[in-house]
1. What is the fewest-to-most order of VAL139, VAL158, VAL56 by other Cβ atoms lying within 10 Å of their Cβ?
2. Mind sorting LEU118, LEU92 by how few other Cβ atoms lie within 10 Å of their own Cβ, fewest first?
3. Net charge near GLY102: determine it from the other residues with C-beta under 11 Å of the C-beta of GLY102, scoring Lys and Arg +1 and Asp and Glu -1.
4. How far apart, in nm, are two points set 7 Å out from the Cα along the Cα-to-Cβ line at GLU111 and at LEU84?
5. Under the rule of at least 5 residues apart or a separate chain, name every residue whose amide H is placed under 5 Å from the amide H of VAL68.
6. Test of understanding: ordering GLU70, GLU107 by Cβ neighbours within 10 Å, fewest first, what list do you get?
7. Would you mind counting up the charge near GLY74? Only other residues with Cβ under 11 Å from its Cβ, with Lys and Arg at +1 and Asp and Glu at -1.
Amino acid sequence: MNMESSTPSADESRTGSRSLAIMRTLEALRGQSGEMSMPGGETILVVDDDPSVLQVASKVLRRGGYEVVEADGGDKALRLAEELNGRIDLLLTDVVMPGMGGRELGEHLSERYPAVRLLFMSAYTEDEVILQGVRVAEVNFIAKPFTVEGLRTKVREVLDAAAD
C-alpha cells in the first residue's frame, strides 16, 4: 500500500486541518485489499468525540483483524466496558473530550480492569496534553492525525508489551 497519500504534511498538522488527513487515510483504506497485515483478534475500545476520527480509527483496526467497540465519550465507554465484563484488551482514547477526558476514563478502566492496556491519542500539542494530566513520555501515546500503518503498529506494540 502506498502510504504517501495518507501521511499528513507538516503544514496540515500545524494548521489543525484534520479533515484532509482523515480523507487521505480513508483513501488509503479504500485501496487496501482487505487482507490482514498484522495479527489481531484482540478487543479494542475506541473512544473519541470526533465522529470522523472514531470512524477512521475503528475501520483501520477492524481491517487489521481486531474486534472494535466504539464510544463517542467516556461515560458511554464505561457502560460498554461493563456490558463486556471488562473483556477489553486495549483502550484507545482521545485525551481531550467533553465531560470525562481520556485520562480519567483510563484511570476508571484500569482500576476496575487492571489487564486493560491504555493508548492515548491527541491532536493537541504535548503541552496541552500535559495540562489534561497525561505525560506523553510516561504513557502509550499516538499523535493525531495518524497513518494506517502508524496506528496499527502502535496498537500492536502496546498489546505485545502487555504479553511480555
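Coordinate-derived values only; no laboratory data. Predicted model, so just to flag it, every value in this text is computed and none were measured. Because the Cβ atoms are built from the backbone with ideal geometry, glycine has one as well, and the counts that use them run over all protein chains shown.
1. Numbers: VAL139 16, VAL158 21, VAL56 26.
Ascending Cβ contact count within 10 Å gives the list VAL139, VAL158, VAL56.
2. Details: LEU118 20, LEU92 27.
Ranked by crowding around the Cβ, least crowded first: LEU118, LEU92.
3. On the way: positive: ARG103; negative: ASP48, ASP49, ASP94, GLU104, GLU107.
Combined, the nearby Lys, Arg, Asp and Glu give -4.
4. 2.0
5. Close amide H contacts, sequence-distant or interchain: ILE44.
6. Details: GLU70 17, GLU107 13.
Going from sparsest to densest Cβ surroundings: GLU107, GLU70.
7. Surrounding charge for GLY74 is -4.
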